[in-house]
Structures are given as structure tokens and as C-alpha cells.
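Visitor: One structure follows; several queries about it will come next.
Values in this text are rule-based calculations from the coordinates and carry no lab data. None of these values were measured; they are calculated from a predicted model. Cβ: placed from backbone, ideal geometry, glycine included. Neighbour counts: every protein chain shown.
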Amino acid sequence: MEEVIHARGHENVSAEHASTFEITTDDFLTPAGDCILAIEADRTPADFDPEFVEACGSADAAITMTIEADGYEQTVSGRGHPDFELDSDRSMVGRTSDYIDERTFVVGCEFAAEGFDRELVSVLAEGADVTVTVTVDS
């Protein structure tokens, strides 16, 4: 199953955070938001199909997020968790840790914002249109 989100980059995208990455519906980004990859997302976990949300709630779920912008594409993988709420209407956060809050959609990720390809980060910082595809296999 998959969910697709459309967003855009921003001049303050730096992707320097060591343990998280984030996609937000906010229409602004300050330099302090070093985990944020894209803004103005048209959907959040609160909009996801209930079957998709249920599948993400399995500890055995393999969750991947692919981000595409201006010809660049990168995928990061992690896993689901029974404690996921997936009801944030503002943002979605991927984590290398097992920490969970209402924004968390994947834990145990292989890397965080700082692990994204620098060429992809450059086009995000130029404000490129972004497609985020989240896939779950349970």
C-alpha cells in the first residue's frame, strides 16, 4: 500500500539533523528546522487511508519513504510500530530512534535528514516541487 504527498522545497532546507527528517504542511521554514525536507505538504498522516494506518501499526511492517524532486530520488527505510497514532494534521516525522509521538510515521530508519544526498538537498533548497511516496509492506 502507498500514500503520495505533494510538497515543495524551501531556501532554508539544510537537511542536517542527525536523528529525524520531516515533511510539513507549514508554509515557512526557519534555519532552525534542520530536519525539514519539504513544506506545504498537501496531505499528512491524518489523511491516510485507515487500512494504510493499520498496516503501519504492525511491528513487522517495512515502511519506506521515497522523495523525488527535479530528477533526483532517494529512499529511506524503517519500520512500523503498534504505538503509532498517525493522526497529525501538520507534519510527518521519520526517526532513526524508537521515539514515537503523534507526528511519527516510521521508526528505526537507516538514516535521518543528514543522510540524504546533497544534490537532492540542493534542489530542495532551490524550492523544487516534491513528491513523497510512503509505502508499507506488512
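Visitor: Just in region 7-73: which chymotrypsin sites (Phe, Trp or Tyr not before Pro) are loop by DSSP and have at most 12 other Cβ atoms within 10 Å?
Guide: PHE28
Visitor: Now, a different point. Where does the longest stretch of the chain lie that holds no GluC sites (Glu not before Pro) found in a DSSP loop with 14 or fewer other Cβ atoms within 10 Å?
Guide: In the chain, the maximal stretch lacking such sites is 17-109.
Visitor: Give me the number: length gained by fully extending ASP70 to MET1, i.e. 0.36 nm times residue separation minus the C-alpha to C-alpha distance, one decimal in nm. Walk me through the numbers before you get to the answer.
Guide: Values: separation 69, 0.36 × 69 = 24.84 nm, distance 2.46 nm.
Stretched out fully, the ASP70 to MET1 stretch lengthens by 22.4 nm.
Visitor: If the chain between ASP47 and SER19 were fully stretched, how many nm would it gain, using 0.36 nm times the residue separation less the Cα-Cα distance?
Guide: 7.6 nm
Visitor: Starting from the 7 Å offset along Cα-to-Cβ, what nm value, one decimal, do you get for the label separation of PHE111 and SER138?
Guide: It works out to 2.9 nm between the two label points.
Visitor: Oh, and also: When the Kirkwood hydrodynamic radius is evaluated over all pairs of different C-alpha atoms of region 2-137, what value in angstrom, to one decimal, is obtained? Mind showing how you got there, number by number?
Guide: Working: mean 1/r = 0.0701 Å⁻¹.
About 14.3 Å, per the Kirkwood formula over Cα pairs.
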